[in-house]
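Rule-based calculations on the coordinates, nothing more; no lab input. Keep in mind that this is a model prediction, so the values were computed, not measured. For neighbour counting, all protein chains shown are included, and Cβ atoms are generated from backbone atoms with ideal geometry for every residue, glycine included.
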Amino acid sequence: MDAMSVTVRRPDDIDMPDLPSLTWAQGGLRADLSALRAWAEGVADEAIAWYLSEKRLKARWSRRLRAFAIILATLGGAVPVVALASRHPEYGNWGYLLLALAAGCVGYDRFFGYSSAWLRYIATATLIQGDLADFRVGWAQELAVIGDREPTVDELRELIGRAREFVARVNEAVRVETDAWRSEFDSRLGELEVGLQGRPPVGG
């Protein structure tokens, strides 16, 4: 039986474990199955670890930018009131600057996609974690039927198929998330280009 070959497309900085050498020789079938299972789980573990690690970075930036936006917007609304109360209405114009900075924080977050990426990463990691748990239970169920004996050809085919389908699901989850990132990034660039084209030239 030939070794299974599955290509997993994922971001370049997610390290995919290499498929181990599998001989499927009599007497070593259980060892090959164990190596195949460990490889399939390793594919999922690497993807989960990457998304959870990146999620923390995105969450940190998202929270900071949103917090700054709230603080600046609050100050921007309070400055004119304080300026009038202190009989210095000319200082009220500083409120517009603070409000503009608050909008800038929100725009920065939106353009670079910190908040949206944070949510996507959580969703993708959770999806892969659920698939991993299901794969482990299904694999254990098949091994319980086999017991201590060597698996038959049909049982080998079933377990290899499970591993292949599981890795394909991980692949699909990463692909969907990557496509969503590309679509969002292209959309933001398009909005930026439209905004720049609609801006009057300096000195015009």
Subject >> Residues that are surrounded by 13 or more Cβ atoms within 10 Å (Cβ to Cβ) and out of contact with any Phe, Trp or Tyr (no Cβ under 7 Å at 6 or more places or on another chain), drawn from the stretch 77-93 >> reply: Gly77, Pro80, Val82, Tyr91, Gly92
Subject >> Candidate set from the stretch 171-185 (those that are among the polar types (S, T, N, Q) and more than 15 Å from Gln129 (Cα to Cα)); member that is surrounded by the fewest Cβ atoms within 10 Å (Cβ to Cβ) >> reply: Ser183
**OP:** Search the stretch 94-111 for residues being free of Cβ contacts under 8 Å to residues at least 60 places away in the same chain and closer than 16 Å to Arg60 by Cα, and hand back the single one that is surrounded by the fewest Cβ atoms within 10 Å (Cβ to Cβ).
**Re:** Tyr108
Subject >> Filter result (in a helix (DSSP H, G or I) and either over 27 Å from Tyr51 (Cβ atoms) or touching a Gly at 6+ places or on another chain (Cβ under 6 Å) (or both)) within the stretch 131-158 >> reply: Gln141, Glu142, Leu143, Ala144, Val145, Ile146, Val153, Asp154, Glu155, Leu156, Arg157, Glu158
